[in-house]
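The values are calculated or read from the model by the stated rules, or taken from the named source; none is laboratory data. Keep in mind that what you see is a predicted model, and the values were worked out from it rather than measured. As a convention, Cβ positions derive from the backbone with ideal geometry for all residues, glycine included, and neighbour counts pool all protein chains shown. Areas reflect the complete protein model, heavy atoms only, side chains present, ligands, DNA and RNA absent. Shrake-Rupley method; radii C 1.70, N 1.55, O 1.52, S 1.80 Å.
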Amino acid sequence: MKKALGLTLGVMTAIGGFVDIGNIVTSGITGARYGMTLAWAVVLGTIAMAVFGEMAGRVAAVAHRPVYHVVRERLGVRASMLNASSSVVLNVLTVAAEIGGTALVLQLATGVPYLLWVPLVAAAAWLVVWRMPFQRMERVLGLLGLSMLVFVVALFWLPTDWAALWDQTIHPAIPAEQAAPTWWFYAISLIGACLVPYQVIFFSSGGREEHWSIKDLREMRLNTFLGFPFGGLLSLALMAVAVPVLRPLGIQVNHVGQAALPVAVAFGGIGLAIALFSFLVATFAAAAESTLSTGYAVAQYFGWSWGKARPPVGAARFQFVCLATVVAAAGTVLTTIDPITITIVSVVLGAAAIPLTYFPVLVVANDRRYLGEHVNGVVTNTLGTVLLVVMVVVALVTVPLLLLTRAGQ
Amino acid sequence: MVPGALAVALLTGCAGPTLDAGSYRQAALHTTIDLASAVATAELATRLELTGRSLAPVTSEVVSAAEDDGSSIAESFTSRQPPDEDSRALFSQLDDVVTAATDALTALRMALGLGNQAGVRQALDELQRARAALVGWQERLQ
């Protein structure tokens, strides 16, 4: 039982990272529009996240410091400034998207306009960040997030054509009626949604919050190699349930509510309630996670004391950054910009900034001064380098595709 | 810089200018696809509700969102200037289908709000006809 609970950091990172509002939207859109032909993008993003998450976790466990603390020291103040500032901008956008997403789910469940929920959701996210102990937060949100398994079960309950799903998955061709640039746009959106920068910051800083050391490397690896693929599985399930229900009807997913309808087809009102609850947990967990990640990134860059283990007065600047992030994000949503638009912009900009986040991780994970005998091996380096090249290509084509396809229209 | 440029691109990318008959036809095709999606969403949510497989607030929200989407799609369609007589004729024919679909979405939302079962079923029938017409147009325009 204790070992299972030890996996909750990976599960929470996966629930709040992979299956946040960005993935709920992009998986729903792509499943309804392209079937499983873009499943490879989720698989690729998941592998990349697991490989780089393991490196970041290893740095945290061996060097006893979160990865971006080491990055600043290793790459210097100026070079790491680019990394830290891009992370902060993206995180604030992500927090806005998640708060907006949580508020949209509450609107769906209650009929009360989402803008009225925004201040309450923001306050609740900040309270969790400020007051709730780290381990309790990860366990409660991680375990509640397991409710998202309803999408996996629904897939077995629905009249799913498994042969067709599998065929689309292993033969990823652009459907004849769809434009190639838009298909590629959603491919990079899915990769971006899997590799959102805050995940790696949260995971490595969470490792320090839990005082990981070399003896915890096994637990850390279980978290990365079970937790992240679990998130990838949920992401694929969200995509797959749209195929037998929404795709035959020509439904294109524009709203969170549409993404939950397949579960209602499978299990009725109870299933729908569980699906909405799982969306609520996933988006709220992501709001808390990305808020904390902003605080971690800024505090680690400037060398301030940080962490939920410390009383707020002992990490006042860290807590202030978290509060300012929540306020700025809630303010962004309250301008009435559609949260789904914020989500797509944050996911796509995140994709463009992926190398800024992950290249320093690869550098630090190869530095013997920090990791000694635990530096990357040949396999990890080969895999990491290939994945980094893919990330650079993704980053280069992201903005042109965004403009060319008018954000996937 | 980049986020600013993106915001402008996204905001101005809602309904680009129609340059020629080909792109007008393409825009008409997208109108039928998007509107058929909104109609199918409302139909699915309502049928789930009628069979006791949904939650009332969710149905109401999903149908309202579909109605908003439908209105927005119809507005974009009517705001485009047909570039020639053939396009003008296309507009005239398609406009009836678009109006029928958006009217049916509004009727459905109202009937659901009033708890009018007969009105809901009538609106569903109208939506089904509108969707069949939209799908027919998709095949003609593709």
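The residues of chain A present an accessible area of 36 Å² per residue when probed at 1.4 Å with all protein chains retained. The loop-placed trypsin sites (Lys or Arg not before Pro) in the stretch A:313-402, going by DSSP, include none that has at most 13 neighbouring Cβ atoms within 10 Å of its Cβ. What the stretch B:21-141 shows is 45 Å² of accessible area per residue, with the surface traced by a 1.4 Å probe over protein heavy atoms. A simple spin-label model places pseudo-atoms 7 Å from Cα toward Cβ; at A:ARG406 and A:HIS211 they are separated by 5.7 nm. By a 1.4 Å probe calculation restricted to protein chains, A:ILE337 has an accessible surface near 80 Å², given to the nearest 10.
Alpha-carbon geometry of the stretch A:279-348: the Rg and the Dmax are 13.6, 37 Å, given in that order. Applying 1/(1 + (r/R0)^6) with r as the Cβ-Cβ distance of B:ASP95 and A:THR341 and R0 = 22 angstrom yields a FRET efficiency of 0.20. Just checking the listed ones, A:GLU289, A:GLU219, A:GLU73: in the Gaussian network model of chain A with Cα springs under 10 Å, the one fluctuating most is A:GLU73. With angles folded into 0 to 90 degrees, how steeply does helix A:8-17 sit against the dominant principal axis of chain A? Use alpha carbons for both and round to 10. The angle comes out at about 60 degrees. Note on the stretch A:64-110: Cα-Cα pairs beyond 15 Å make up 59% of the total pair count. Can you give me the % of accessible surface on the stretch A:252-340 that is carbon or sulfur? Probe 1.4 Å, all protein chains present, nothing else counted. Carbon with sulfur: 72 percent of the solvent-accessible area. The alpha carbons of chain B occupy a box of 47, 42, 22 Å along the principal axes, longest dimension given first.
Over all pairs of different C-alpha atoms in the stretch A:158-261, the reciprocal of the mean inverse distance, the Kirkwood hydrodynamic radius, equals 16.7 Å. Dimensions of the protein assembly as shown along the principal axes, based on C-alpha atoms and rounded to the nearest Å, stand at 73, 46, 46, largest first. Label the stretch A:67-158 by shape, choosing from rounded, prolate and oblate, from the square roots a ≥ b ≥ c of the eigenvalues of the Cα gyration tensor; if a/c is under 1.5 it is rounded, and otherwise prolate applies when a/b is larger than b/c, oblate when it is not. Prolate is the answer for the stretch A:67-158, as a/c is 1.5 or above and a/b outweighs b/c. Helical content alone sets the calculated 222 nm signal of chain A at -25500 deg cm²/dmol, taking -39,500 (n - 2.57) per DSSP H segment of four or more residues and averaging over every residue.
Run the quick spin-label model on A:VAL140 and A:LEU120: label points 7 Å from Cα toward the beta carbon, then report their separation in nm to one decimal. Using points 7 Å along Cα→Cβ, the separation is 1.7 nm.
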